[in-house]
Amino acid sequence: MGPITLFDKSFIQSLSVDESVWFDHFFLANVCPLFYVETLADLEKQVRKGRTQEEEVAMVADKFPEMHGSPNAYHVELSIADLAGHSVAMTGQIPLAGGRHVKVDGKRGIVFEQSPEAEAFIRWQRGEFLEIERLHAKAWREALSNLDLGKALEHYRAMGIAGKSCKSLDHAKALAEEIVTVQYVPLQVMRLLHLFLSIPWELNDQVFGRWRRASFPALAHHAPYAAHVLTVDLFFQLALASHLIGTERASNRVDIAYLFYLPFCMIFVSSDRLHRCCARLFLRSDQEFVWGPDLKKDLANLNEYYSQLPDSTKNEGIFSFAPVPPKEGDFLIAQLWDRHFPKWRQRKQDQAAKQPLDEKKLIERLKRFRKAPGVPFDEESLKMKNVDMLSINRRVRKRKGSWWQVPEDLDVGDDD
């Protein structure tokens, strides 16, 4: 498990299965909802001759980061929560949806079961698709091809910015940022939030009543994450209107939406040119964008490097012989670890000084937390600093591609 890394579908699609094993192993992958819906949408997409839509989806699903992938909560739900007063951390953590709060021996814990998205990818690997998923895929493709900018332009005119032409992407970002960082026309900003986030009208009082009672401070101060999402959307619309982003690809609207999830990662990796141009504008100083083909090449080199090991070593599982990236050589992955985990090269010496964990007792404790019934929770218990244990349940293949992800001779029971 390494740096928290947001990725897009174009990057995962470019990898071989073996390369995807190493990406999953050396990065904590942020699986944002767009990856799920984009993969699903392939059921309604034209695919290359000689391959069915189901086969195309299964190929992507086979590379899903099952070991260390964590599904990010949906940006609309996070934005509404932020507007309602529930702060959203924007410093690199992955906000997880759901979770059952439990208490065992006076200790608090949160248990996350296998996510519905992960379950779906497992089925898709086997070529199994539900009818409701096919209907969603069709609706998603239709939504992509029927984007209407008319309503947004009406609100722009009311705010006095419709006629402004942006000379560069940086200019478009600055103009979008101005709207959310100054005390702009609050009614128009509310309407834009409704338009871009599809906020149900029945949540008006809960979402906007708090803002009104605070005398409409700048959105960026009132609800920073909702402001980030709105800034990305405004930037995109302004860049489109100024012909800085092409209008010929309807999928650009989906591609730009990956930027909604930038606050929840350390690294963003993509093979999409739109991301390569625009992501830099929304990254914090401690984040970086990695061009997908560069990381793919490094993963291929890493796969070749470990392929030279004897079979007896490889059969022990990748956690055994590759707990961290190679310390020798000039691997990009090691450089990324250096920048985001600067002390990882000393980890082995540090761990040697610690008392070894009693793995059997730890596993038993985890099982007790997993089986514990849910308990009521309050606002304080939601804070991770007050949680003693976090359990995330995953279903992982013992062997994926050419690699044993766990020891070949590991005896795995139904409860493990």
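The Thr91 and Glu364 beta-carbon pair, evaluated with R₀ = 35 Å, returns a calculated FRET efficiency of approximately 0.55. Summarising the label geometry, the points placed 7 Å from Cα in the beta-carbon direction at Ala84 and Glu128 lie 3.4 nm from one another.
Which entries in Lys107/Lys398; Lys343/Lys371; Lys327/Lys398 show an alpha-carbon gap greater than 30 Å?
From Lys107/Lys398; Lys343/Lys371; Lys327/Lys398, over 30 Å: Lys107/Lys398; Lys343/Lys371.
Here the extension length gained between Lys107 and Ala174 equals 19.4 nm, from 0.36 nm per residue of separation less the Cα-Cα distance. Scattering from the range 217-344 was approximated by placing one identical point on each alpha carbon and applying the Debye formula without solvent; log10 I(q)/I(0) at 0.12, 0.17, 0.20, 0.22 1/Å stands at -0.63, -0.96, -1.15, -1.28. At an R0 of 41 angstrom, the distance between the Cβ atoms of Phe321 and Cys277 translates into a FRET efficiency of 0.55. Ordering 58-64, 311-317, 104-110, 224-230 by mean Cβ neighbour count within 10 Å, with the highest value first, yields 224-230, 58-64, 104-110, 311-317. Normalised by 2.2 N^0.38 Å, with N the number of residues, the alpha-carbon radius of gyration of the range 6-47 equals 1.24.
Just to verify a number: FRET efficiency for Arg339 and Ser215, C-beta to C-beta distance, R0 = 41 Å, to 0.05?
0.45
What is the list of residues in the range 323-339 whose amide nitrogen lies under 11 Å from a point 7 angstrom out from the Cα of Gln308, following Cα to Cβ? It comes to 329, nothing else.
Since every read-out is calculated from the coordinates, none of them should be taken as a lab result. These numbers come from a predicted model, not from an experiment. All Cβ positions, even for glycine, are placed from backbone atoms using ideal geometry, and neighbour counts span all protein chains on display.
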